[in-house]
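Let me begin by presenting the structure, written as structure tokens, before commenting on it.
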Amino acid sequence: MKDTFFITTPIYYTNWVPHIGHAYSSILADVIARYQKISGKQVKFSTWVDENSQKAIASAEELWMETVSYLDMMAQKHKAVWDWLDIKYTDFIRTTEPRHHDFVREVLQKSFDNGDIYEWEYEWMYCVGCEAFKKDDDLVYLNKTTWATFPIDKKVVESDNIIKVCPDHLKTPDKIKEKNYFFKLSKYQEFLEDFYRENPDFIVPSERYNEVKAFVKRWLDDFSISRETNKFGIRLPFDETQVTYVWYDALFNYLTVCDRPHPNPLLTKERGQEQNDMKFWPANLHVVAKDIIRFHAIYWPAMLESAWYEIPKQILTTGYLTVDWQKISKSLWNVIDPVEFSEKYSKDLLTLYLLSSFNIWQDWDFDTKQAILTYNAKLANNLGNLVNRVVVLSLKMWTEWLNWIIDEEIKSKLDDYVYIFNHSANDYNLKDTLDLSFKFLDDLNKFADTKQPWQTIKEESLQTETSDVLYTIAEWLRQVWLNLYAFFPEKMSEMFIKLWLENYSESLESGKLNELRQKQEVFNIKEKWEALFLRIDV
Ligand code: ME8
């Protein structure tokens, strides 16, 4: 039986189609899932849409559409983006599906029976943009003349011109006074602190973990898990007049996809799923950005503990992308569509830029010119040139390479490379794996410069030496391609075929990365190749 690996992306809101920020999380998760799969794990990868939100209802109203028709349309639009970008999810979920409603009602009932949910009438503020409750501390002042914001200060007097707003959406939260049900988060404070202590790698990177720990240490308020006035959503099983708070329902999507596989048997069969996928729980990895870390790192473990489920192993938290240094937003007209972008420049360019140009903990301003330069330097030049060199020279040698030897010094570098690559990939440190691979290719380019096979090839007496050098380069390239397959599967498959390694993609897809790494291959280059990564003009 293969080891299992379960990875998730957030389920995205459908008030708009996914932009480059959403694509960042999905591409990151996709590469990790692919790497785990080629390394031999049985992978489950879930994604799709969070539909019981007020934002989506408001968007439907703006378009004069029925909520349900709007949601159907948007769910398809989202799916089309991920399919176009070749995100190889194995599971997809809409939170309006009956299987999710049933499951959420079941877990709510469990927590209610445990005494973790109670009724309370209260007055609070709610930001629809965040789909979250707000306290004064969470808000900032906005000067409506200058649009400048500044921290809440007791000395400032609110006026028509100076108002309190949510710092992310610059809107005054709605004031709500109603009867709600609350989850006893405060009861779980000690549990969470113990859990964090015992699981020092629960959140990566550690900067984000420290923020979460500091937050929990201060004070945890119980939070509202239902709304009286909303009509759309999942009804509470113990009070049908109330609808479940969108975050309480959304987080459980990760478990619904395990406990209740997709209802369409055709899809389930196609994706090789079984009736119940609970063997994948607890999830190995949730990929999220920093905006929703508190929901995943604080609410979620407590909600799981309350309903007697194990807690996921790790949360990988990215920074936030901006465009022109502004929050990505349709009202600012700075939304970059990942499909349009990839159609214009290639998906490989997008993947390379998002995963190699900055560290996961960093916020980053998306820069198209920089993305092109990175692609030209790394894929078109560094990798492309080396491939070209080895192909042109091999053609001149008119010989098949059998059992050629690898240069000893290079051999030890190769072993180090593969070892560290694995280590970084298993730590989900994709920037390191790419940096390492391109550094390795640099070294190989230098090796070629030193050995000058294009000179030695002219000497009959140096034939063996020349073919050894070429074999070394080809073998080294083969190793890099194996590692880069998870990032650029289509192009790497083409490369394998050109080296006459016909069955490679199939073997990788069935988890044979390590076996292929150990193989001794005979290369046989018979024809000139077109460049696979064409340079792009800036
Ligand atoms: O929060 N930079 O959905 P959402 C980086 N439905 N990542 C970004 C980003 C940006 N500018 N913009 C979006 C929700 N993301 C909830 C999630 S999960 C149980 C429920 C990515 O549509 C990133 O992963 O607002 C972020 O956490 C997520 O999209 C927020 O997506």
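The values are calculated or read from the model by the stated rules, or taken from the named source; none is laboratory data. Small disclaimer: the values here were computed from a predicted structure and weren't measured. As a convention, Cβ positions derive from the backbone with ideal geometry for all residues, glycine included, and neighbour counts pool all protein chains shown. The protein model used for the area step is the full one, side chains on, heavy atoms only, and it has no ligands, DNA or RNA in it. Shrake-Rupley method; radii C 1.70, N 1.55, O 1.52, S 1.80 Å.
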- prompt: Given Ile328, Ile293, which one is among the β-branched types (Val, Ile, Thr) and more than 7 Å from the ligand (Cβ to nearest atom)?
  reply: Ile293
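From the list Tyr428, Tyr419, pick out the single residue that is open to solvent by 80 Å² or more (accessible area, probe 1.4 Å), at pLDDT 90 or above and within 25 Å of Lys313 (Cα to Cα). Give the steps one after another, and end with the answer.
Values: Tyr428 fails: open to solvent by 80 Å² or more (accessible area, probe 1.4 Å).
Of Tyr428, Tyr419, the one residue that is open to solvent by 80 Å² or more (accessible area, probe 1.4 Å), at pLDDT 90 or above and within 25 Å of Lys313 (Cα to Cα) is Tyr419.
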message: Whether any residue in the stretch 437-447 is closer than 14 Å to Ile38 by Cβ, hydroxyl-bearing (Ser, Thr, Tyr), open to solvent by less than 70 Å² (accessible area, probe 1.4 Å) and modelled with pLDDT of 90 or more is what I want to check.
response: no
message: Can you find, within the stretch 455-481, the residue that is most open to solvent (accessible area, probe 1.4 Å) among those that are aliphatic (A, V, I, L, M) and in contact (Cβ under 8 Å) with a residue 60 or more places away in the chain?
response: Ile457
statement: Counting only residues that are away from the ligand (no atom under 16 Å from the Cβ) and open to solvent by less than 10 Å² (accessible area, probe 1.4 Å), the stretch 125-140 contains a total of 1
Candidates Val156, Val165, filtered to the one that is open to solvent by less than 60 Å² (accessible area, probe 1.4 Å) and more than 22 Å from Lys55 (Cα to Cα): Val156
Identity of the residue in the stretch 2-27, more than 9 Å from the ligand (Cβ to nearest atom) and in contact with a strand residue (DSSP E or B) (Cβ under 8 Å, 6 or more places away or on another chain), that ends up nearest to Val246 (Cα to Cα): Ile7
- prompt: Which of the residues spanning the stretch 225-247 are basic (Lys, Arg) and either within 22 Å of Phe295 (Cα to Cα) or touching a Cys at 6+ places or on another chain (Cβ under 7 Å) (or both)?
  reply: Arg227, Arg235
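Across the stretch 501-538, what is the number of residues that are in a helix (DSSP H, G or I), farther than 23 Å from Tyr471 by Cβ and open to solvent by less than 50 Å² (accessible area, probe 1.4 Å)?
Looking only at that region, the number is 0.
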message: For the list (1) free of Cβ contacts under 8 Å to residues at least 40 places away in the same chain; (2) away from the ligand (no atom under 15 Å from the Cβ), I need the number of the one condition that Lys79 fails.
response: (2)
Residue among Asp30, Asp91, Asp3 that alone is crowded, with 23+ Cβ neighbours inside 10 Å, under 27 Å from Thr317 (Cβ atoms) and modelled with pLDDT under 95: Asp91
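Restrict the check to the stretch 345-354 and report whether at least one residue is within 23 Å of Ser424 (Cβ to Cβ), under 19 Å from the mean Cα position of the chain (by Cα) and without any contact (Cβ under 8 Å) to a residue 24 or more places away in the chain.
yes
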- line: Reported set for the stretch 236-265 where residues are open to solvent by 40 Å² or more (accessible area, probe 1.4 Å) and either under 20 Å from Glu123 (Cβ atoms) or touching a strand residue (DSSP E or B) at 6+ places or on another chain (Cβ under 6 Å) (or both) is Thr241
statement: Filtering the stretch 190-246 down to residues that are under 22 Å from Thr67 (Cβ atoms) and β-branched (Val, Ile, Thr) yields Ile225, Thr229, Ile234, Thr241, Val243, Thr244, Val246
statement: In the stretch 200-223, residues that are out of contact with any helix residue (DSSP H, G or I) (no Cβ under 9 Å at 6 or more places or on another chain) and either within 19 Å of Val288 (Cβ to Cβ) or buried (at least 16 other Cβ atoms within 10 Å of the Cβ) (or both) total 6
message: Within the stretch 186-196, does at least one residue satisfy the condition of being in a loop (DSSP other than H, G, I, E, B) and open to solvent by less than 90 Å² (accessible area, probe 1.4 Å)?
response: no
field: Residues satisfying the stated conditions in the stretch 296-325, i.e. more than 14 Å from the chain's Cα centre (by Cα), surrounded by fewer than 18 Cβ atoms within 10 Å (Cβ to Cβ) and near the ligand (Cβ under 8 Å from one of its atoms)
entry: Thr322
- prompt: List the pairs whose first member sits in the stretch 6-26 and is part of a helix (DSSP H, G or I), whose second member is of a type outside the set (Ser, Thr, Tyr) and more than 6 Å from the ligand (Cβ to nearest atom), and whose Cβ atoms are under 6 Å apart, counting only residues at least 6 apart or on separate chains?
  reply: Ile20/Ile336; Ile20/Pro338; Ile20/Phe366; Ala23/Pro338; Tyr24/Leu354; Ser25/Val287; Ser26/Ile87
message: Looking at Met65, Met73, can you tell me which residue is modelled with pLDDT of 95 or more, over 23 Å from the mean Cα position of the chain (by Cα) and over 23 Å from Val257 (Cα atoms)?
response: Met65
- prompt: Exactly one of (1) part of a strand (DSSP E or B); (2) free of Cβ contacts under 8 Å to residues at least 24 places away in the same chain is unmet by Ser69. Its number?
  reply: (1)
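If you check Lys498 against the conditions, is it farther than 21 Å from Phe5 by Cα and either under 31 Å from the mean Cα position of the chain (by Cα) or open to solvent by 10 Å² or more (accessible area, probe 1.4 Å) (or both)?
yes
Considering Thr14, Thr8, which residue is outside the structural domain of Leu434 (by TED's automatic domain parsing) and under 12 Å from the mean Cα position of the chain (by Cα)?
After ruling out the rest, the residue left standing is Thr8.
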message: Given the options Ile497, Ile457, Ile473, Ile525, name the one that is touching a Lys or Arg at 6+ places or on another chain (Cβ under 8 Å), over 26 Å from Leu373 (Cα atoms) and assigned by TED's automatic domain parsing to the domain that holds Ser394.
response: Ile457
